[in-house]
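Trainee: Here's a structure for you.
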Amino acid sequence: MFDWLVVGAGFAGSVIAERLAGQRDEKVLLIDRRPHIGGNAYDRHDKAGILIHQYGPHIFHTNSKLVFDYLSNFTDWRPYEHRVLAEVDGLQVPIPINLNTINRLYGLALTPIELEGWLAARAEPVDEIRTAEDVVVSTVGRELYEKFFRGYTKKQWGVDPSQLDKAVTARVPTRTNTDDRYFTDKYQFMPAAGFTKMFERMLDHPNIKIMLDADYREVKSTVRHRQVIFTGPIDEFFDYCYGKLPYRSLSFKHVTLDKEWHQSVAVVNYPQTYDHTRVTEYKHLTGQRHAKTSVTYEYPSDHGDPYYPVPRAENAELFKRYETLALVTKGVWFVGRLATYRYYNMDQVVGQALATFRRIDDSLGRRLPPTAARPGLELAV
Ligand code: FAD
Ligand code: UDP
């Protein structure tokens with residue numbers, strides 16, 4: 001008999017499994033339908049011996065000391081600041097758009113103050129910023145929106161930016177200085193030996209049993225357990241009773257090239273050309289030295305594993321209906337990017353999982369009977 005059946009061995013499931021076993025001495029069965037732990041953050045050595053990310057580039061960054069300190073229990077870190085180039089009008093220029101981007105693209109020599117005026121002259125006033133299009137055109141104007149955002153977003157999401165929530169493109173800022181880092185978070189590191197090694201250490205506890213290639217549907221009635229942590233798609237848990245929640249998928253083409261380097265930075269985005277959105281070269285992320293190099297092309301698709309919840313008002317409405325069901329489903333806690341239908345980064349999922357554990361810990365501490373499920377609340381990280 002297990003105290004907990006944890007469904008999904010990504011960040012959400014692994015963090016909660018580790019806390020339940022390590023802090024509460026609970027007996028945990030952690031399952032995943034994939035043949036490995038780590039969820040979408042899983043990395044592995046390819047045939048050439050180069051560490052690659054099976055599900056596309058995962059770069060750790062956070063402002064949360066709590067999250068950083070927690071993960072530091074299971075890994076050493078390699079300092080890494082992410083830089084991305086976008087191929088626009090035949091040139092590779094920095095994204096987020098910054099002073100160097102504009103000066104290079106337009107052959108100018110603007111100062112930061114001059115760039116402010118230059119952008120202000122192009123920005124289109126928008127009464128209420130609602131969509132992914134509004135965010136960009138109200139900051140940099142329509143021409144730069146078309147060059148950097150419209151095509152990439154249509155490829156990535158399969159819909160026009162005007163149909164997506166503002167939060168999507170608000171992830172990418174605009175800067176008038178020369179800071180070309182993709183993220184400005186306080187903590188920017190990669191796990192020194194990779195994500196999978198970090199997960200292995202996290203789950204190395206006598207109270208945690210791991211079962212791979214195992215779907216919740218097969219396991220739930222055959223393995224006795226008291227409570228469930230569910231980190232898969234919430235609509236699937238409820239047999240799509242209100243209809244399918246849209247998730248955007250990707251297919252990944254992993255290639256090893258017979259040369260030392262392919263591109264000058266870890267990620268190059270292609271907003272105007274090709275079917276793929278971006279190309280990632282892993283050695284920039286990991287610091288690995290190797291005579292060859294491995295890269296991944298990402299092709300967005302509506303079919304395949306669910307990777308991205310699609311931030312649109314109508315989807316949020318549908319999720320709310322499932323969330324209401326979750327609230328009255330006793331003994332099941334819903335956590336993570338798929339189960340709470342939120343476009344969360346890794347650190348946000350870790351924060352959400354730690355917050356959920358604190359609520360579980362409270363209920364166990366007070367010897368309450370299994371509570372009704374409450375989807376993990378967002379933790380300010
Ligand atoms: P997942 O990692 O999806 O884990 C859920 C697990 O549950 C999966 O392994 C799945 O197989 C399993 N599962 C689902 N249903 C069942 C079932 N019925 N039975 C058994 N198992 C089941 N975040 C960053 O911070 N930085 C980045 O650079 C970054 N890049 C990303 C790039 C891509 C292409 C993608 C897709 C995501 C990226 N993310 C990034 C986000 C990051 O992947 C997520 O925040 C994080 O991995 C979510 O963890 P999770 O545990 O919620 O979900
Ligand atoms: N985006 C874009 N052009 C770019 C980079 C990003 O249009 O060169 C938009 C696109 O809609 C993308 C979103 O901004 O989905 C968020 O970008 P991010 O790099 O955060 O995407 P993720 O790494 O989550 O796939």
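Trainee: Could you give the Stokes-Einstein D for the range 262-322 in µm² per second, using the C-alpha Kirkwood radius, 4 °C, 1.567 mPa s?
Mentor: 89
Trainee: Going by amide H atoms built from the backbone, whose H comes under 5 Å of the H on Q227, apart from near neighbours?
Mentor: Close amide H contacts, sequence-distant or interchain: W4, L5.
Trainee: Report ³J(HN,Hα) in whole Hz for each residue of the range 61-70, in order, from the Karplus equation J = 6.51 cos²θ - 1.76 cosθ + 1.60 where θ = phi - 60°; Gly and Pro get x.
Mentor: 7, 7, 9, 8, 5, 4, 5, 5, 5, 4
Trainee: Please go through the residue pairs K186/K283; K166/K220; K47/K320; K166/K253; K166/K186 and name each one whose alpha carbons sit more than 32 Å apart in this structure.
Mentor: Flagged as over cut-off: K166/K220; K47/K320.
Trainee: For L327 and T111 in one chain, what is 0.36 nm times their gap in residues minus the Cα-Cα distance, to one decimal in nm?
Mentor: Full-extension gain reported as 72.4 nm.
Trainee: Which longest run of the chain has no exposed loop site in it, a site being chymotrypsin sites (Phe, Trp or Tyr not before Pro) in a DSSP loop with at most 12 other beta carbons within 10 Å, and the site itself not part of the run?
Mentor: Within the chain, the longest run free of exposed chymotrypsin sites (Phe, Trp or Tyr not before Pro) spans 1-239.
Trainee: Per residue and in cubic angstrom, what volume does the convex hull of the Cα atoms of the chain have? Let's see the in-between values first.
Mentor: On the way: hull volume 55.7 nm³, N = 381.
Normalising the Cα hull of the chain by residue number yields 146 Å³.
Trainee: If you don't mind, another one. Calculate what fraction, in whole %, of the accessible area of the range 1-143 sits on carbon and sulfur atoms when a 1.4 Å probe is rolled over the protein chains.
Mentor: 48
Trainee: Output wanted: per-residue J couplings in Hz (rounded whole) for the range 99-115, from phi through Karplus 6.51 cos²θ - 1.76 cosθ + 1.60, θ = phi - 60°, x for Gly and Pro.
Mentor: 3, 5, 4, 5, 4, 6, 5, 10, x, 10, 9, 5, 8, x, 5, 5, 5
Trainee: With both bridge residues required to lie in the chain, what share of the DSSP beta bridges run antiparallel, to the nearest 5%?
Mentor: The answer is about 65 percent antiparallel.
Trainee: Stokes-Einstein at 4 °C, 1.567 mPa s, Kirkwood radius from Cα pairs: D for the range 131-217 in µm² s⁻¹?
Mentor: The calculation lands on 77 µm²/s.
Trainee: Whole-Hz Karplus ³J(HN,Hα) for the range 230-236, in order, using 6.51 cos²θ - 1.76 cosθ + 1.60 and θ = phi - 60°, x for Gly and Pro?
Mentor: 10, 10, x, x, 5, 5, 5
Trainee: Need the full-extension length gain, R201 to E317, defined as separation in residues times 0.36 nm minus the C-alpha distance. One decimal, nm.
Mentor: So the chain would gain 37.9 nm between R201 and E317.
Trainee: Also: Checking the a/c ratio against 1.5 first, then a/b against b/c, what shape does the Cα gyration tensor give for the range 188-248?
Mentor: Here the range 188-248 falls in the oblate category.
Trainee: With every protein chain left in place, what is the accessible area per residue of the chain in square angstrom, probe 1.4 Å?
Mentor: Values: 17160 Å² over 381 residues.
I get 45 Å² per residue for the chain.
Trainee: Full-extension gain between N100 and K154, please, as 0.36 nm times their residue separation minus the C-alpha to C-alpha distance.
Mentor: Full-extension gain reported as 16.9 nm.
Trainee: What residue among G331, A48, V67 has its Cα farthest toward the positive end of the dipole of the chain, where the charges are +1 on Lys, Arg and -1 on Asp, Glu, each on the Cβ?
Mentor: In the chain, that residue is G331.
Trainee: Quote the charge dipole size of the chain about the Cα centre in Debye, to the nearest 20; the model charges only the Cβ of Lys and Arg (+1) and of Asp and Glu (-1). Show your work: numbers first, answer last.
Mentor: Working: 49 positive and 48 negative charges, 194 e Å.
Approximately 940 debye in magnitude.
Trainee: How many nm is it between the label spots at N177 and S162, if each spot is 7 Å from the Cα in line with the beta carbon?
Mentor: Going from the N177 label point to the S162 one covers 3.6 nm.
Trainee: Let me ask you something else. What does the accessible area of R104 come to, in Å² to the nearest 10, when a probe of 1.4 Å is used?
Mentor: 130
Trainee: How many nm separate the modelled label positions at K259 and V126, each set 7 Å beyond the Cα in the direction of the Cβ?
Mentor: It works out to 3.9 nm between the two label points.
Trainee: Taking a probe of 1.4 angstrom, what is the accessible area of V349 in Å², to the nearest 10?
Mentor: Answer for V349: close to 10 Å² accessible.
Trainee: Now for a different question. Note down the accessible area of L105, probe 1.4 Å, to the nearest 10 Å².
Mentor: In the full protein context, L105 sits at about 30 Å².
Trainee: Let me spell out the model: positive unit charges on the Cβ of Lys and Arg, negative unit charges on the Cβ of Asp and Glu, origin at the Cα centre of the range 267-331. What dipole size does that give, in debye rounded to 20?
Mentor: Details: 8 positive and 8 negative charges, 69 e Å.
Using Cβ point charges on Lys, Arg, Asp and Glu, the range 267-331 gives about 340 debye.
Trainee: Further question on the same structure: If all Cα-Cα distances of the range 210-318 are sorted into 5 Å bins from 0 onward, what percent lands in each bin, rounded to whole numbers?
Mentor: Answer for the range 210-318: a P(r) of 2, 9, 14, 15, 12, 13, 13, 11, 8, 4, 1 percent.
Trainee: A further question follows. For the range 109-195, which trypsin sites (Lys or Arg not before Pro) are both in a DSSP coil and crowded by at most 14 other Cβ atoms within 10 Å?
Mentor: R130, K186
Trainee: Give me the one-decimal nm value for the distance between modelled label points at K292 and D46, 7 Å along each residue's Cα-to-Cβ direction.
Mentor: Result: 0.8 nm between the two label points.
The values are calculated or read from the model by the stated rules, or taken from the named source; none is laboratory data. None of the values given here were measured: they were computed from a predicted structure. In this analysis, Cβ positions are derived from the backbone assuming ideal geometry, glycine residues included, and neighbour counts consider all displayed protein chains. Each accessible area value is taken on the protein alone, full model and side chains, heavy atoms only, with ligands, DNA and RNA left out. Shrake-Rupley method; radii C 1.70, N 1.55, O 1.52, S 1.80 Å.
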